[in-house]
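Visitor: I have a structure here, written as structure tokens, and I will follow up with some questions on it.
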Amino acid sequence: MAANAKAIVNTPLLQGLKQLVRSLHTDCARLSSFRSSREVQPLEEYPEVEVLHNPPEWKYVERLLPPRTVPQPVAKPAYPSGWKPQTATGQESGYFVARTKNHMVPVYLNTRFRGQRRLTIVRLIQGDIWALERDLRQVVEQSRNGKLCATRVNELSGQIHIHGDYVDLLREHLKSKGF
Amino acid sequence: MAHLRESTDKALKLLRTLPRVQIGNLRPNPNSKQNDKRGRAQHGGDKHGAGNKGSGQRQNFMRLGYETGNQPFYLRFPYEPYYKGHHMRREYPPISMLQLQVLIDTNRIDISQPIDIATLCNSGLMTLKPAELQYGFQLTDEGLDNFKAKINIEVQHASEAVIAAVERNGGVIRTAYYDPRSVHILSNPKKWFEKGVPIPLRMLPPQDAIEYYTDARNRGYLANPEEISKERLVLAQKYGYELPRIEDDPNYEMLTAAKDPRQLFHGLEPGWLINLVDKTIVKLKTT
């Protein structure tokens, strides 16, 4: 009996009737869920398609796929943006400041207390962090006309915190030293 | 001093026998917890901060902004609708020319191909949120003097100086409209291809954006191409540079590549279905 009822439900006539009822109703077929989505039609109702293997247009699809890793920068005669590739290895200076995964110099500004306290943070330092701290403090004190500058060294995490906003200054300084 | 040392020794001795400080034997500081019961009458009852008589005692809190009969402050001045329709306004997050040059210098975008929303979002450094009414990128003029790349770029908004900076280097810039659904697709094409849905048609701009995108001075994608080439020359004379001839350029094909106004991706037509697993394209059979 149940099988009989199922057969009645699935007749094309009844399906057509359902579609007609839906088209007579004011609310449209919302395709957001399985229940309200458009019913599958017989295959003849659909337009004919062809499946192309290795089509010439596939190069346009490949162009739209993102790279899986951050690409390595290529050597160029000039970099108009001011970005420079890293050249120093840290052999002569005794310390090394690594680039970030995006090939940028790891100098950041940290603002606290609604901009009242500004900290310049240099990250990813390896080697003699105290020598780098002396160098950076000298650069900052020179720009402050000899006034002292407060720094904090975190040897474990390889970070130097400098009181005040000297991000551009230190970034340019590190780039000029090849880091 | 002897008695002091004695008590210290006692305390230390006691401390050695005590268990360690841990979560099981901690309790709140004295008087740090407030009693949530309000006593009445002899059980500590008084005014409890509500004062004597009137609306204060009855805790009759007036509605926000009500000034007990005065014309309230928020109604005292004429209405100026700064934010009228803010929930409908289109937002174009900025990208500066400097940022674009950094992307090019660090090899994050490929300038041997036309640049559009998908290129910028696929660099992984920029995102678009169409649900927050972000309709694409605008190119801003910061660092335009140091911009040296020859590119074919399509953005959603650009100022005159930016257009001049791109064209001075022999590049091509175009402003184009994408509806939110198209922006959603272009902001992560790979994820969208994985849905296995045919590429939809791109919608035409709404009525208030048509004027911008049909204007040749904005390099709109719906403008007359002949007027655009005329405006390129006009802008070159206005800003005082010699317009490089892109007709003679070896990359002429790339520089003049443009999408159809109803097309979403370069080289892929609406209605096609991309299968990333089998690397196939499903098309309508042409008879």
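Visitor: A:LEU52 - would you say it is among the aliphatic types (A, V, I, L, M), assigned to a strand (DSSP E or B) and more than 10 Å from every other protein chain (Cβ to nearest Cβ)?
Guide: no
Quick grid of which residues meet (1) free of Cβ contacts under 8 Å to residues at least 12 places away in the same chain; (2) touching a strand residue (DSSP E or B) at 6+ places or on another chain (Cβ under 6 Å); (3) loosely packed, with under 14 Cβ neighbours inside 10 Å:
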{"position": "A:LYS76", "(1), (2), (3)": "yes, no, yes"}
{"position": "A:GLU92", "(1), (2), (3)": "yes, no, yes"}
{"position": "A:HIS103", "(1), (2), (3)": "no, no, no"}
{"position": "A:THR120", "(1), (2), (3)": "no, yes, no"}
{"position": "A:GLY127", "(1), (2), (3)": "no, yes, no"}
{"position": "A:SER143", "(1), (2), (3)": "no, no, no"}
{"position": "A:LEU156", "(1), (2), (3)": "yes, no, yes"}
{"position": "A:TYR166", "(1), (2), (3)": "no, yes, no"}
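Visitor: Can you tell me which residue in the stretch B:156-207 is nearest to B:PRO114 (Cα to Cα), limited to those that are assigned to a helix (DSSP H, G or I) and polar (S, T, N, Q)?
Guide: By that ranking, first place goes to B:SER187.
Visitor: Go through (1) at pLDDT 95 or above; (2) surrounded by 12 or more Cβ atoms within 10 Å (Cβ to Cβ); (3) closer than 28 Å to B:LEU125 by Cα and name the single condition A:THR111 misses.
Guide: Unmet for A:THR111, out of (1) at pLDDT 95 or above; (2) surrounded by 12 or more Cβ atoms within 10 Å (Cβ to Cβ); (3) closer than 28 Å to B:LEU125 by Cα: (2).
Visitor: Working carefully through the options B:LYS259, B:LYS285, find the one that is facing another protein chain (nearest Cβ under 9 Å) and of a type in the set (Lys, Arg).
Guide: Matching residue, one of B:LYS259, B:LYS285: B:LYS285.
Visitor: Check B:TYR178, B:TYR241, B:TYR252, B:TYR221 and return the single one that is away from chain A (no Cβ under 14 Å) and touching a Gly at 6+ places or on another chain (Cβ under 8 Å).
Guide: Result of the check over B:TYR178, B:TYR241, B:TYR252, B:TYR221: B:TYR178.
Visitor: I'd like to verify a number: residues in the stretch B:117-128 that are more than 10 Å from chain A (Cβ to nearest Cβ) and either outside any loop (DSSP other than H, G, I, E, B) or of a type outside the set (Val, Ile, Thr) (or both), how many?
Guide: Here the count works out to 4.
Visitor: Among the candidates B:ASP248, B:ASP215, single out the residue that is free of Cβ contacts under 8 Å to residues at least 24 places away in the same chain, surrounded by 14 or more Cβ atoms within 10 Å (Cβ to Cβ) and under 19 Å from B:VAL166 (Cα atoms).
Guide: Result of the check over B:ASP248, B:ASP215: B:ASP215.
Visitor: Mind listing whichever residues of the stretch B:3-36 are aliphatic (A, V, I, L, M) and within 48 Å of the chain's Cα centre (by Cα)?
Guide: Scanning the stretch B:3-36 gives B:ILE23, B:LEU26.
Visitor: Can you pull out the residues in the stretch B:142-158 that are more than 14 Å from chain A (Cβ to nearest Cβ) and modelled with pLDDT under 95?
Guide: Of everything in the stretch B:142-158, nothing turns out to be more than 14 Å from chain A (Cβ to nearest Cβ) and modelled with pLDDT under 95.
Visitor: Determine, yes or no, whether B:ALA165 is surrounded by 18 or more Cβ atoms within 10 Å (Cβ to Cβ) and within 14 Å of chain A (Cβ to nearest Cβ).
Guide: Against the criterion (surrounded by 18 or more Cβ atoms within 10 Å (Cβ to Cβ) and within 14 Å of chain A (Cβ to nearest Cβ)), B:ALA165 qualifies.
Visitor: While we're here: State all residues of the stretch B:54-109 that are of a type in the set (A, V, I, L, M), more than 30 Å from B:ASN146 (Cα to Cα) and assigned to a helix (DSSP H, G or I); if no residue qualifies, say none.
Guide: B:LEU75
Visitor: Right, next: Being surrounded by 10 or more Cβ atoms within 10 Å (Cβ to Cβ) and among the acidic types (Asp, Glu) is the filter; apply it to the stretch B:47-91 and report the residue that is nearest to B:PRO205 (Cα to Cα).
Guide: Across the stretch B:47-91, the extreme among qualifying residues is B:GLU91.
Visitor: Let me ask something additional. State which residue is nearest to B:ASN122 (Cα to Cα) when the search covers only the stretch A:58-71 and only residues that are surrounded by fewer than 16 Cβ atoms within 10 Å (Cβ to Cβ) and within 7 Å of chain B (Cβ to nearest Cβ).
Guide: Of everything passing the filter in the stretch A:58-71, A:PRO66 is nearest to B:ASN122 (Cα to Cα).
Visitor: I'm told B:GLU67 meets every condition in (1) over 30 Å from B:TYR177 (Cβ atoms); (2) out of contact with any Phe, Trp or Tyr (no Cβ under 8 Å at 6 or more places or on another chain) except one. Can you identify the failing condition by its number?
Guide: Of the numbered conditions (1) over 30 Å from B:TYR177 (Cβ atoms); (2) out of contact with any Phe, Trp or Tyr (no Cβ under 8 Å at 6 or more places or on another chain), the odd one out for B:GLU67 is (2).
The values are calculated or read from the model by the stated rules, or taken from the named source; none is laboratory data. Here the structure is a predicted model, which is why all the values come from computation and not from measurement. Quick reminder, even Gly has a Cβ in these numbers, built from the backbone with ideal geometry, and neighbours come from all protein chains shown.
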